[in-house]
Amino acid sequence: MSSIFLPPPVQKINNQITFNSGIELYILRLDLMHPEINGNKWFKLKYNFLEAQEKKYSNILTFGGAYSNHIFATAAAGNNFGFRTIGVIRGEENLPLNSTLSFAVKKGMELVYCDRTTYRKKHTQELQIEFKKRFGKIFIIPEGGCNLNGMRGCTEIMQHLGCFDIDTICLACGTGTTLAGIALSLHSNQKIIGFPVLKGSDFLEAEITNLTQDYIQSGLPVPVNNPAHWQLIYDYHFGGYGKVNQELINFCRTFQQEHHIPLDYVYTGKMVYGVMDLLKKGYFSPGKILLIHTGGLQGNIGIEEKLLKKR
Ligand SMILES: *Cc1c(COP(=O)(O)O)cnc(C)c1O
């Protein structure tokens with residue numbers, strides 16, 4: 001399954017801010033691994049798809065919002081690897097479909113809409129039994145690929161770096177699954193910093209701790225004996241999930257012009273903004289920092305459509 005993916009390049013970022021701070025800054029471009037199944041989402045899907053294949057499921061059902069990168073990637077991966085996919089979408093149907101959902105449909109995904117109250121019960125037995133009655137034998141992947149299989153895939157992200165020495169890794173966090181997986185593959189002299197993009201992510205620390213404990217107890221492979229410390233910085237969510245302001249938009253546009261690296265507004269853009277701000281403030285001690293570009297560029301179309309409508 002992995003053969004269709006390109007190795008993600010590492011690029012150095014040089015500008016006045018990195019120059020003044022004495023930091024060497026790099027970015028790992030997971031967004032360039034595949035045009036459609038890109039970013040961290042493939043790592044979270046990989047072992048879910050492998051388990052589905054091994055257990056001879058042909059239908060995969062998963063959940064997400066109307067602009068979800070996970071829905072987009074699952075539809076594309078299902079199409080590539082020969083699974084029928086069903087996407088349970090939060091909220092009601094809006095026609096014409098936005099670019100994320102029309103892509104999913106083009107890739108053969110069947111969409112089912114779920115009101116927000118029902119959607120909240122998505123991981124209950126009750127609802128899953130109903131889906132099974134309706135669609136037959138289905139392999140269910142939780143929203144965002146947030147399970148132990150998802151975490152397992154993320155323990156492999158750093159393999160793409162080779163023996164490159166890095167002191168600190170920074171990435172954007174939604175559920176924290178990617179951070180938890182990467183942390184298990186780093187050494188104790190390294191550090192990983194997550195930038196939550198949701199407002200009020202206080203629950204996240206406990207969730208990452210639980211996920212990590214469950215993972216270790218499950219006996220799945222852990223790449224290192226003494227994993228790295230991780231930490232969350234809560235100051236750069238810009239008002240919450242999917243919320244943007246002009247400053248963030250301008251930052252992402254300027255960054256793209258200067259470095260030829262596109263950033264998504266929902267995740268990576270907020271993290272890179274945060275890192276640049278912290279660099280300016282002298283937060284990091286000298287060393288090598290690696291940013292992880294987790295992809296998600298498809299979502300920019302939706303955000304820009306919404307901004308145009310507001311005008
Ligand atoms: C889903 C997603 C994340 C968040 O990953 P988690 O494992 O849920 O923390 C980060 N960046 C992008 C682009 C994503 O699509």
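The values are calculated or read from the model by the stated rules, or taken from the named source; none is laboratory data. Keep in mind that what you see is a predicted model, and the values were worked out from it rather than measured. FYI the Cβ positions are ideal-geometry reconstructions off the backbone, even for glycines, and counts take in every protein chain you see. Accessible surface areas use protein heavy atoms only, side chains included; no ligands, DNA or RNA. Shrake-Rupley method; radii C 1.70, N 1.55, O 1.52, S 1.80 Å.
Considering only protein heavy atoms, what per residue accessible area in square angstrom results for the chain with a 1.4 angstrom probe?
For the chain, the solvent-accessible area averages 47 Å² per residue.
Tally up the carbon and sulfur contribution to the accessible surface of segment 41-145 as a whole percent, 1.4 Å probe, everything protein left in place.
Roughly 47 percent, rounded to a whole number.
Would you work out which of GLY91, PHE81, TYR119 lies farthest towards the positive end of the dipole of segment 41-145, given +1 charges on the beta-carbon of Lys and Arg and -1 on that of Asp and Glu, about the Cα centre?
Of the options given, the answer is PHE81.
Rank-order 157-163, 96-102 by packing density, defined as the average count of other C-beta atoms within 10 Å over each peptide's residues, highest first.
Ranking the peptides 157-163, 96-102 by packing returns 96-102, 157-163.
Which FRET efficiency value, to the nearest 0.05, do you get for ARG120 and ASP165 by plugging their Cβ-Cβ distance into 1/(1 + (r/R0)^6) with R0 = 25 Å?
0.05
Between LYS280 and GLU92, with labels modelled 7 Å along Cα→Cβ, what's the label distance in nm to one decimal, could you check?
A separation of 4.3 nm, rounded to one decimal place.
What is the packing order of peptides 194-203, 141-150, taking the mean over residues of other C-beta atoms within 10 Å and listing the highest first?
The densest-packed peptide leads the list: 141-150, 194-203.
Pairs to check: LYS199/LYS243; LYS191/LYS243; LYS41/LYS281; LYS41/LYS107. Give those whose C-alpha atoms are more than 20 Å from each other in this structure.
From LYS199/LYS243; LYS191/LYS243; LYS41/LYS281; LYS41/LYS107, over 20 Å: LYS191/LYS243; LYS41/LYS281.
Distance in nm between label sites at GLN128 and HIS259, each 7 Å beyond Cα in the beta-carbon direction?
It is 4.0 nm.
Over the chain, calculate the relative contact order: mean separation of alpha carbon pairs under 8 Å at least 6 apart, over the residue count, as a percent.
23
Quick one: give the max-minus-min coordinate of the C-alpha atoms of the chain along each principal axis, largest first, in Å.
Principal-axis extents of the Cα atoms in the chain, largest first: 60, 53, 37 Å.
In deg cm²/dmol and to the nearest 500, what is the mean residue ellipticity at 222 nm of the chain if only DSSP H runs of at least 4 residues count, each as -39500 (n - 2.57), divided by the residue total?
-12500 deg cm²/dmol
How large is the accessible surface of HIS123 in square angstrom, using a 1.4 angstrom probe and rounding to the nearest 10?
Probe radius 1.4 Å; accessible area of HIS123 about 100 Å².
From largest accessible area down, sort GLU110, GLU156; use a 1.4 Å probe on the protein chains.
The most accessible residue leads, giving GLU110, GLU156.
Probe 1.4 Å, all protein chains in place: accessible area of ARG253 in Å², nearest 10?
Counting only protein heavy atoms, the figure is 110 Å².
For ASP235, ASP264, ASP214, give me the order by solvent-accessible area with a 1.4 Å probe, most accessible first, ignoring ligands, DNA and RNA.
Descending accessible area places them as ASP235, ASP214, ASP264.
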